[in-house]
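Student: First, the structure itself, so that you have it in front of you.
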Amino acid sequence: MSASPALDAILARIASAAQSAGRNPSDIVLTAVSKQQPWDAVAPVLAAGQKVFGENRVQEALARWEGRREGLELRLIGPLQTNKVREAVALFDVIETLDRDRLAVALAETAARSGRSPRLYVQVNTGEEPQKAGIAPLQADAFLHRVRSELGLPVEGLMCIPPAGEPPGPHFAFLAKIAARNGLARLSMGMSGDFETAITFGATSIRVGSALFGDRSPPAA
Ligand SMILES: *Cc1c(COP(=O)(O)O)cnc(C)c1O
């Protein structure tokens, strides 16, 4: 038995969803979302061989992963402030939340200065929710052109978080369409509650937290 029955269970669900969709399970990356989890919850999943982890805050990620990130891939899946760009570029292999021009400019400048350029996903606010991060769908094509062609940044794909309480399928389909017309092959979509649906709609990476690690502890006040 592996060190993490919970990880085995998620991998089995990914394989089964991929099979139903006629896809190869190895084309789907599991990002284990370790934010706000105690190390006791993360350690068995790491010991079982999981290599890709997602975090939503730069400082918290540094505290958890600095000194143990060898051989791992760390992905930032939470909003990035421009004053944290330097630290984020130094720590993360992938930043999934590029969503505005100022941030793109800061990333380009930092990459040029540091020689380190994380792979990037542009976050799209598919539900056009005012409180949610992400570029508006109507601005996505122009923003992608700006980021890739004018700033020369390596955009790998698109990311979305569908509105809570709505069927996620149409949002996943919408994101896939925007990616296709922009020649992007990667889609980060699907979380604990909807990753099987996301796989049906073409997710190439899914972000799973609570279904893998259990409920999160609330952030320290
Ligand atoms: C927290 C978080 C997740 C994981 O959520 P679960 O429902 O616990 O799987 C996925 N994506 C983003 C952007 C998150 O902030």
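Computed from the coordinates by the stated procedures, all read-outs in this text should not be read as laboratory data. Note that the coordinates shown come from a computational prediction; the quantities given were computed from them, not determined experimentally. We place every Cβ from the backbone using ideal geometry, glycine too, and count neighbours over all the protein chains shown.
Student: Only residues that are within 16 Å of the ligand (Cβ to nearest atom), touching a strand residue (DSSP E or B) at 6+ places or on another chain (Cβ under 8 Å) and part of a helix (DSSP H, G or I): list them for region 172-209, please.
Tutor: Passing the criteria: Phe172, Leu175, Phe195, Ala198, Ile199.
Student: If I ask for residues that are in a loop (DSSP other than H, G, I, E, B) and closer than 17 Å to Ala133 by Cα, which ones from region 152-165 would you list?
Tutor: Passing the criteria: Cys160, Ile161, Pro162, Pro163, Ala164.
Student: Where the second residue is assigned to a helix (DSSP H, G or I) and more than 13 Å from the ligand (Cβ to nearest atom) and the first is within 18 Å of Ala9 (Cβ to Cβ) and free of Cβ contacts under 8 Å to residues at least 40 places away in the same chain and lies in region 32-54, which pairs have Cβ atoms under 6 Å and are six or more apart or on separate chains?
Tutor: none
Student: Please go through region 65-108 and pick out each residue that is in a helix (DSSP H, G or I) and free of Cβ contacts under 8 Å to residues at least 24 places away in the same chain.
Tutor: The answer is Asn83, Arg102, Leu103.
Student: Only one residue in Gly134, Gly157 is touching an Asp or Glu at 6+ places or on another chain (Cβ under 6 Å) and within 16 Å of the ligand (Cβ to nearest atom). Which one?
Tutor: Going through Gly134, Gly157 in turn, the sole match is Gly134.
Student: Could you tell me which residue of region 66-89 is surrounded by the most Cβ atoms within 10 Å (Cβ to Cβ), considering only residues that are farther than 18 Å from Ala104 by Cβ and away from the ligand (no atom under 16 Å from the Cβ)?
Tutor: Looking at residues that are farther than 18 Å from Ala104 by Cβ and away from the ligand (no atom under 16 Å from the Cβ), I get Arg69.
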